[in-house]
Amino acid sequence: MKILRYTDTDWKQTLTSLNRRAEASDAVREVVSGVIREVRTRGDEALVEFTQRFDGADLTPESLRVSGEDLEAAWQAAAPDLRKALEAAHRNVFAFSRRSMRQDWQGKNEQGAEVGEVYHAFERVGCYVPGGSAPLVSTAIMTVTLAAAAGVPEIVVCTPCGRDGTVNPGLLAALRLAGATEVYRVGGAQAIAAMAYGTASIRPVAKIVGPGNSYVVEAKRQCLGAVSIDLLPGPSEVMILADASGDARFIAADILAQAEHGKDSQAGFVTDSPALLEAVAGEVEAQCQSLSRQEQLRPVLEKGVFLILAASLEEGAQLVNAYAPEHLSLITTREAEILPLIRTAGAIFLGNHSPVAVGDFLAGPSHTLPTGGAGKSFPGLTVDMFQRRTSIIRLSRESCALSEPIVRAFAEVEGLDAHGRSVSIRAQG
């Protein structure tokens, strides 16, 4: 673990290094560009080839899709405890989403014109669910459920398969419960390209949502325009900002929970308490010994975990805003003062007894959140991202007449006399 202090001579350099932007490397951009090009030109043939190359599975175009019978069988075969957990999470996420949906509205402007907005669910969306070292069953709940709550009729899911061509049955059970209407054994940048541009087996969608590795995130970026996207959620991360009231055991547990994602995951701890800094460092080492995913944990602890001693919590809040963490745990007796200073976190967990893992699995808001500094520009996934907004305008003859001189003034300065006449001809009778 890296330990950094505000008294260090390179403190300003530390602050600069934490100010991130979500940008892919040139190598990732080049690989993704090639994958998208191949899928656009060769369709299913490219999907099958890439699935063999990256996942080791021998599929055919006909076997790319998971059947409805397989989804139902996975649900029926799921252990009772898993089904209860999935149902509890689904209820919370669905209820939270329904409460936060945008509603149609109508009113009048100053000239008496009727104005308003109506919201329609997208007809067809794609949800990406990562595979890898652990089946992200929770991501099925945290993406597909929102689409279903919004009323999307066609919900497409792409997820990597194993070498034997199968998808984790727990994940299939979650997808069945959440409301997926199509599931495909396709992962990586090729899955994003397939959903964006379509192949013989996978019809294109209007919007793609969901987290993924750096290649998936870059593919979403490169396909923007051909398709709408939600945000840029890559490898998971957490930052914890705490004063002396923080419990070192709980903080260390959150750091390790983050680190067990492995690969490019990051966990940062910022405090103004030297004693708490030392206690957390000791707890991380002690608790790590008893955890099972040592292969994933150790590389992250060496390269992706950093502990920072700041001069004050206010300075710590500046570090948080520069880093723009996916998850922020805020633990302080001065919550009313510090919380308003946080501007860029994807989700904020307040107090010693609010573990990030509850947000990952159960609380209600989606755990699909911006990472890599993208929180400066993107919010987390919300149900309204599955809705398309349309504005409605109706003018009477009277409101048209009141609008005419204002429109005429704009038309004159912009040299668009036909615009002005289209209003004047109505206002005059």
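For the pair F54 and R91, label points projected 7 Å from Cα toward Cβ lie 3.8 nm apart. The number of Lys pairs in the chain with C-alpha atoms less than 28 Å apart, excluding pairs fewer than 8 positions apart on the same chain, is 16. Tell me whether the range 174-308 comes out rounded, prolate or oblate; compute the Cα gyration tensor, take square roots of the eigenvalues as a ≥ b ≥ c, and use a/c under 1.5 as the rounded threshold. Since a/c reaches 1.5 and a/b is larger than b/c, the shape of the range 174-308 is classed as prolate. For the chain, the residue among G268, V413, G351 whose Cα projects farthest onto the positive side of the dipole built from Cβ charges is V413. Entry note, the range 100-163: relative contact order of 34 percent, from Cα contacts under 8 Å with a spacing of 6+ residues. Of the GluC sites (Glu not before Pro) found in the range 72-169, those that fall in a DSSP loop while having at most 15 other beta-carbon atoms within 10 Å are E110, E123. The mean sequence distance of close C-alpha pairs (under 8 Å, at least 6 residues apart), as a share of the length of the range 48-141, puts its relative contact order at 15 percent.
Amide H contacts for V305 (H built 1.01 Å from N in the peptide plane; partners 5 or more residues away or on another chain; cut-off under 5 Å): K2, A267. Amide hydrogen proximity for V270: with H placed 1.01 Å from N in the peptide plane, the residues at 5 or more positions away or on another chain lying under 5 Å are I240, L241, A242, I308. Proximity of backbone amide H atoms, modeled 1.01 Å from N, is registered between V183 and V66, V157 at under 5 Å, excluding neighbours fewer than 5 places apart on the same chain.
Think of the chain as a dipole: +1 on every Lys or Arg Cβ, -1 on every Asp or Glu Cβ, centred on the Cα centre; then among I342, A174, A427, A427 lies furthest on the positive end.
Farthest towards the positive end of the charge dipole of the range 193-270, among the residues L256, G246, G212, is the Cα of G212, using unit charges on the Cβ of Lys, Arg, Asp and Glu.
On full extension, the segment bounded by R98 and V358 gains 91.6 nm, given 0.36 nm per residue less the C-alpha separation. Among the trypsin sites (Lys or Arg not before Pro) found in the range 1-110, those both in a DSSP coil and sparsely packed, with 12 or fewer other Cβ atoms within 10 Å of their Cβ, are R21. Length gained on full extension, A311 to K2: 109.5 nm, using 0.36 nm per residue less the C-alpha separation.
Between E114 and R394, the modelled labels are 0.1 nm apart [label points 7 Å from Cα along Cα→Cβ]. Can you figure out the FRET efficiency of K376 with Q289, using R₀ = 45 Å and their beta-carbon distance, to the nearest 0.05? Efficiency, from the Cβ-Cβ distance: 0.75.
Across the chain, Cα pairs under 8 Å and at least six residues apart give a relative contact order of 21 percent.
The label point for Q76 and the one for A322, both projected 7 Å from the Cα toward the Cβ, are 5.8 nm apart.
Here the chain has an Rg and Dmax of 24.9, 83 Å, counting Cα atoms alone.
Bear in mind that the values in this text are calculations on the coordinates, not laboratory data. As the structure is a computational prediction, the values presented were derived from the model and not from experiment. All Cβ positions, glycine included, derive from the backbone under ideal geometry; neighbour counts span all protein chains shown.
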